[in-house]
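Structure first, commentary second.
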Amino acid sequence: MPDRIVVVLSDGRALALDGEAYWAALAEGSKLCTSSLPPGAATNEPLVDAGQLAALLNIPATWLEQAAREGRIPSLQFGRWRRFRRSDVELAVSVRRQN
């Protein structure tokens, strides 16, 4: 049986795709994206939870969670779980510092 990738949609439904269809859809979707990544940003950067990111940045996980809820730093919400990309958070913090 081929590998299946499950994508949870914003309305809570799930979409199961085989690996080849998933990567083809991802490639097509990236063509539609109008924003560009900052130079050197990794597109396959792993997602981390607040505890992991807090340990990497040496800050309290509670601060990360609160800032994400308030929209001050970017995060991805998966049901009740929130995940972060380190580069996104660091970029958001540096932009806020410059302003």
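On the given criteria, is Gln77 outside the structural domain of Ser10 (by TED's automatic domain parsing), without any contact (Cβ under 8 Å) to a residue 24 or more places away in the chain, assigned to a strand (DSSP E or B) and not charged (D, E, K, R)?
On the way: outside the structural domain of Ser10 (by TED's automatic domain parsing): yes; without any contact (Cβ under 8 Å) to a residue 24 or more places away in the chain: yes; assigned to a strand (DSSP E or B): yes; not charged (D, E, K, R): yes.
Answer is yes for this residue.
Looking across the range 45-99, the residues that are within 21 Å of Val8 (Cβ to Cβ) and among the aliphatic types (A, V, I, L, M) come down to Leu47, Val48, Ala50, Ala68, Leu76.
Going through the range 80-89 one residue at a time, which ones are part of a strand (DSSP E or B) and either acidic (Asp, Glu) or under 10 Å from the mean Cα position of the chain (by Cα) (or both)? Scanning the range 80-89 gives Arg82, Arg83, Phe84.
In the set Ala25, Ala92, Ala55, only one residue is hydrophobic (A, V, I, L, M, F, W, C), modelled with pLDDT under 80 and part of a helix (DSSP H, G or I); that residue is Ala25.
The values are calculated or read from the model by the stated rules, or taken from the named source; none is laboratory data. Only a predicted model underlies this, so the values are computations on that prediction, with no experimental measurement involved. Methodologically, a virtual Cβ is constructed for each residue, glycine included, from the backbone with ideal geometry; neighbour enumeration extends over all protein chains shown.
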